[in-house]
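To keep things clear, I will list the structure first and then write my remarks on it.
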Amino acid sequence: MPNWSPNWNDVRWNWAAADAAAAALHNAAGVLDATANERAGVASEAQAEWRGIFRDRFDAELAGMLSRGRALADECRAAAERVASASNRAANEQRHREHERERWRREKEEEDRRRREEERRRHR
């Protein structure tokens with residue numbers, strides 16, 4: 001028997017749930033982007049003839065709101081990428097474990113073959 005042992009457990013990961021979460025995060029980012037663009041468009045109509053201190057406050061609040069919305073959309077996209085990356089790592093680890101199991105089986109088979117040959121030589 002080989003003097004090492006592979007990890008016989010499969011990777012525990014819910015690929016479907018991870019894919020759904022990444023898709024939902026991308027969707028949320030798209031909604032946030034669309035909402036920000038729509039708000040900016042509606043605001044520009046209101047700003048066309050608006051002057052004074054209230055316009056200045058409105059502009060500042062709008063800029064902050066749009067910035068926060070875009071930042072949140074970016075965070076959603078980054079989270080989706082982290083989920084996708086975790087799925088890739090899980091898939092790579094599963095392939096690695098399967099490869100190591102097969103390598104162990106080949107080594108064991110070779111050891112067993114050598115042992116049988118040795119037994120046959122001894123009994124001749």
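The values are calculated or read from the model by the stated rules, or taken from the named source; none is laboratory data. As the structure is a prediction and not an experimental result, all values here were calculated from the model. A quick note on method: Cβ atoms are made from the backbone with ideal geometry, for glycine too, and the neighbour counts reach across all protein chains shown.
Name the one entry in Arg97, Arg82 that is among the basic types (Lys, Arg), in a helix (DSSP H, G or I) and without any contact (Cβ under 8 Å) to a residue 60 or more places away in the chain.
Arg82
Is it the case, given these coordinates, that Trp104 is over 27 Å from the mean Cα position of the chain (by Cα), within 30 Å of Arg115 (Cβ to Cβ) and part of a helix (DSSP H, G or I)?
yes
Taking the conditions exactly as written (of a type in the set (Gly, Ala, Ser), part of a helix (DSSP H, G or I) and in contact (Cβ under 8 Å) with a residue 60 or more places away in the chain), does Ala21 satisfy them or not?
Answer is yes for this residue.
Any residue in region 31-57 that is in contact (Cβ under 8 Å) with a residue 24 or more places away in the chain and within 27 Å of Arg77 (Cα to Cα) sitting within a Cβ distance under 9 Å of a residue that is surrounded by 11 or more Cβ atoms within 10 Å (Cβ to Cβ) and β-branched (Val, Ile, Thr)? List the pairs, counting only those 6 or more apart or interchain.
Correct list of pairs: empty, since none qualify.
Would you check which residues across region 45-57 are assigned to a helix (DSSP H, G or I) and more than 16 Å from Ser67 (Cα to Cα) and list them?
Glu45, Ala46, Gln47, Ile53, Phe54, Arg55, Asp56
Scan Ala63, Ala36, Ala71, Ala46 and give me the residue that is surrounded by 15 or more Cβ atoms within 10 Å (Cβ to Cβ) and farther than 27 Å from Trp15 by Cβ.
Ala36
Can you tell me which residues in region 1-49 are in contact with a Phe, Trp or Tyr (Cβ under 8 Å, 6 or more places away or on another chain) and modelled with pLDDT of 95 or more?
Ser5, Pro6
Of the residues Glu111, Glu117, Glu107, which is without any contact (Cβ under 8 Å) to a residue 60 or more places away in the chain and of a type in the set (Asp, Glu)?
Glu117
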